[in-house]
1. Output wanted: per-residue J couplings in Hz (rounded whole) for the stretch 123-137, from phi through Karplus 6.51 cos²θ - 1.76 cosθ + 1.60, θ = phi - 60°, x for Gly and Pro.
2. For GLN98 and ALA74, compute 0.36 nm times the residue count separating them, minus their Cα-Cα distance, and round to one decimal in nm.
3. Taking the Cβ of SER122 as the centre, find all other residues whose Cβ is under 10 Å away and add up their charges (Lys, Arg: +1; Asp, Glu: -1).
4. In Å, what Rg and Dmax follow from the Cα atoms of the stretch 74-150?
Amino acid sequence: MTQPATRRTLLATGAAATLAVCCVGCGDGDSSSAAASTSPSDGSAPASASADSGEGQALGAVGEIPEGGGKIFAAEKVVVTQPEKGEYKAFSAICTHQGCTLNKVADGTVDCPCHGSKFRISDGSVAHGPATEPLAAKEIMVHGNTVHLA
């Protein structure tokens, strides 16, 4: 004879099934599952897709980066600046104060719309608070007329 399932048995079985599904989602170190988890959700190719050619993800043309200014690449969360002619720098476009995305490059600074922090285009250091930490530097390369993430 079998006994009817108790509420406790049903809950334990459901919890075990949920745990099993979660563990499968964690992966086993197989590179195919890791690659799938890093693919962008917008359908674009991952940044490493162009690494075979020796270039990182293309951000834009050098002509888009004005001398003494810069351009924010919001999708990549990167700001590329040109403090002096032919000198390109890149920084995270995330404010170190409270994580807002920077939205403007003007008058030698990259500006945050949330609380007014400003960062110097030459080195990402704080020009005006409330932020106290500089922007994280990003590695870039210029190939031909295109700026790439390294």
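Just so you know, all these numbers are worked out from the coordinates, no wet-lab data involved. Here the structure is a predicted model, which means the values were calculated and not measured. Cβ coordinates were reconstructed from backbone atoms using ideal geometry, including for glycine residues, and neighbour counts include every protein chain displayed.
1. Calculated HN-Hα couplings, in order: 8, x, 6, 6, 9, 7, x, x, 4, 10, 10, x, 5, 6, 6 Hz.
2. Working: separation 24, 0.36 × 24 = 8.64 nm, distance 1.66 nm.
The span from GLN98 to ALA74 would gain 7.0 nm if fully extended.
3. -1
4. When restricted to the Cα atoms of the stretch 74-150, Rg and Dmax are 11.9, 38 Å.
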